[in-house]
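Here is the structure we will look at.
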Amino acid sequence: MTFRGPFVAGLAWRAFILLVTSFAFVAALATEGLGAARLLAAALCGWATWALWRYIQRTNHELARYLEAVKLGDLSQSFSQRGGSGFSEVGEALEQGIQRLRDERHRLTDASRFYEAVLDDAPTPLVTVSSDGRIELANKAARRLFVRHQGIRFDDFRIYGETFARTLTEDMIGRPRLVPLMLDAVPQSAMVSAALVHRLGGTVRVVAVQPIQGELNAVEIAAQSDLVRVLTHEIMNSMTPVTSLARSAADLMAEVDDGSDPTVSDARAAVETLARRADGVMHFVESYRQISRTPDVRRKTFAVAPWARELESLFRAGDMAEGVQLILSVTPETLNIEVDPDLMAQVLINLMRNAAEAARDHAAVPRIALSFALIPGNRVQIEVSDNGPGVPESVAQDVFLPFFTTKPKGTGVGLSLARQIVLAHRGSIGLGASESGGALFRIIV
Ligand code: ADP
């Protein structure tokens, strides 16, 4: 450690004054009758000692203040070399060390900001679960997905399904799982995987929740469409010659049958029945072909209220509306929706017809309801409900499958097509029970 010139000069000067005042004091003591001078010399001597002491202490204070600031994490201070600060090498070494710390802190802050931004904007929803069971949403995607709960405990997450909430508490590190997830009361599937992160002496589980219902739906619909396409193609290929031969045979029989021979008349009737059935099968197969076509969605934003009234008139014009009450509600009245109006109208008319049919066969006063409401996440929830018998639990899983029907003259195309159209809008459709125990179809787009 070396002392700088000005500091040494200051020190020597103060020591010199102390020496001189000490001599003056000793001389005053040794000389008789100098009472006042003794007092003055003693005071000067005391002052010189204090000045020297303070001069040395100032450097200590400076150093102590600086080190205290560093200890509290304040790296903005610099080691001032004013006045009493005499430790030039120490000062410079400290300055350099602190500068390195400043640079390092800057680099770390930069890196941490970057990782925070990456984490926050990552498309996969991330949730952290600390060892004391605190569950927090770690990024924007998670905050967008989990909008319905409040709180940070396991119980608060039950709103998304019991299995999902339990999964958050389980150790599933390295074992991704497909878990049912309830979003807006619509069952979905999510791929859930977790990693363990060590933090502040403890561990935190980072859980990634990736909803993949959309992908599963797309795969399922593609498989169904492929199957329908292959089947209808094969059936049409085989049936086309059968239909035309049956028709030709029926025409020939009509020419030869003059009514004189009952056997010929019977044969003619049989061939005509055959031709009619063959036409029926062709028509039936043709109607299924629409399932194999992925709907082309042309979205538009428009006001719901006038559109809903149009849907009501369309419904009223149909054969199922007679004697059926329709309760229409739009909340708020000014609600807008962004869908393909034609395709979505097709879905809703289908649902309303099914609802009216079920209600008419069941209730003394058949009633159906069509409601539109704005829900969190700026989405629109559409519900079609009725006071019919509802859908039995045993078939609830099947109603959206192509060709599933419980009606003698049903085709099983309506709900399957409705689901395809809703999914093509990246929405969801689910089945529940209405207040009266009838069916309730809920669409969220
Ligand atoms: P379809 O009407 O030709 O049977 P859908 O695909 O429209 O075809 O419906 C499939 C099945 O779902 C119906 O046969 C019926 O069993 C059931 N279903 C649909 N809507 C309702 C409803 N509102 N109430 C009760 N059951 C319904």
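The values are calculated or read from the model by the stated rules, or taken from the named source; none is laboratory data. Computed from a predicted model, the values in this text were never measured in an experiment. Quick reminder, even Gly has a Cβ in these numbers, built from the backbone with ideal geometry, and neighbours come from all protein chains shown. With ligands, DNA and RNA removed, areas are computed over all heavy atoms of the protein, side chains included. Shrake-Rupley method; radii C 1.70, N 1.55, O 1.52, S 1.80 Å.
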Among 51, 27, which is part of a helix (DSSP H, G or I), farther than 30 Å from residue 142 by Cβ and either in contact with a strand residue (DSSP E or B) (Cβ under 7 Å, 6 or more places away or on another chain) or open to solvent by less than 30 Å² (accessible area, probe 1.4 Å) (or both)?
51
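To keep it simple, each residue is scored yes or no on (1) open to solvent by less than 90 Å² (accessible area, probe 1.4 Å); (2) under 60 Å from the mean Cα position of the chain (by Cα); (3) modelled with pLDDT of 80 or more; (4) more than 30 Å from residue 207 (Cα to Cα).
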| residue | (1), (2), (3), (4) |
| --- | --- |
| 16 | no, no, yes, yes |
| 31 | yes, no, yes, yes |
| 39 | no, no, yes, yes |
| 65 | no, yes, yes, yes |
| 87 | yes, yes, no, yes |
| 90 | yes, yes, no, yes |
| 118 | yes, yes, yes, no |
| 123 | no, yes, yes, no |
Out of the residues in segment 387-401 meeting the condition of being in contact (Cβ under 8 Å) with a residue 12 or more places away in the chain and either near the ligand (Cβ under 8 Å from one of its atoms) or among the basic types (Lys, Arg) (or both), tell me which one is nearest to residue 429 (Cα to Cα).
400
With criteria (1) near the ligand (Cβ under 10 Å from one of its atoms); (2) in contact (Cβ under 8 Å) with a residue 60 or more places away in the chain, residue 383 comes up short on (1)
Filter segment 328-351 for residues that are over 17 Å from residue 416 (Cβ atoms) and of a type in the set (A, V, I, L, M) and give the result.
328, 330, 335, 337, 339, 345
Identify, by number, the condition in (1) touching a strand residue (DSSP E or B) at 6+ places or on another chain (Cβ under 8 Å); (2) near the ligand (Cβ under 9 Å from one of its atoms); (3) more than 20 Å from residue 218 (Cβ to Cβ); (4) open to solvent by less than 20 Å² (accessible area, probe 1.4 Å) that residue 418 doesn't meet.
(3)
Tell me the residue from 383, 310 that is open to solvent by 30 Å² or more (accessible area, probe 1.4 Å) and more than 30 Å from residue 143 (Cβ to Cβ), please.
310
If we take segment 152-215, then strands (runs of 3 or more DSSP E) inside it with 2 or more residues that are touching a Phe, Trp or Tyr at 6+ places or on another chain (Cβ under 7 Å) and surrounded by 13 or more Cβ atoms within 10 Å (Cβ to Cβ) are 177-183
Looking only at segment 132-153, which residues are over 17 Å from residue 193 (Cα atoms) and either among the aromatic types (Phe, Trp, Tyr) or touching a strand residue (DSSP E or B) at 6+ places or on another chain (Cβ under 6 Å) (or both)?
143, 152
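Would you confirm whether or not segment 367-379 contains a residue that is in contact with a strand residue (DSSP E or B) (Cβ under 8 Å, 6 or more places away or on another chain), of a type in the set (S, T, N, Q) and at pLDDT 95 or above?
yes
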Is one or more of the residues making up segment 354-368 away from the ligand (no atom under 13 Å from the Cβ), among the hydrophobic types (A, V, I, L, M, F, W, C), surrounded by 16 or more Cβ atoms within 10 Å (Cβ to Cβ) and closer than 21 Å to residue 330 by Cβ?
no
Condition first: among the basic types (Lys, Arg) and touching a residue at least 40 places away in the same chain (Cβ under 8 Å). Can you find one or more residues in segment 150-172 that meet it?
no
Taking only segment 430-445 into account, find how many residues are open to solvent by 20 Å² or more (accessible area, probe 1.4 Å) and more than 9 Å from the ligand (Cβ to nearest atom).
7
So the check is Cβ under 6 Å with 6+ separation or different chains; which pairs have a first residue in segment 318-335 that's buried (at least 17 other Cβ atoms within 10 Å of the Cβ) and a second one that's small (Gly, Ala, Ser)?
320/356; 324/356; 330/305; 330/308
For residue 345, indicate whether it is open to solvent by less than 40 Å² (accessible area, probe 1.4 Å) and of a type in the set (Gly, Ala, Ser).
yes
List the residue pairs whose Cβ atoms are under 9 Å apart, where the first residue sits in segment 117-142 and is within 19 Å of residue 164 (Cα to Cα) and free of Cβ contacts under 8 Å to residues at least 60 places away in the same chain, the second is open to solvent by less than 50 Å² (accessible area, probe 1.4 Å) and among the hydroxyl-bearing types (Ser, Thr, Tyr), and the two are 6 or more positions apart or on different chains.
134/128; 135/128; 136/128; 136/130; 137/128; 139/124; 141/124
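Restricting to segment 402-415, and then to whatever is among the hydrophobic types (A, V, I, L, M, F, W, C) and surrounded by fewer than 19 Cβ atoms within 10 Å (Cβ to Cβ), can you tell me which residue is farthest from the ligand (Cβ to nearest atom)?
Result: 403.
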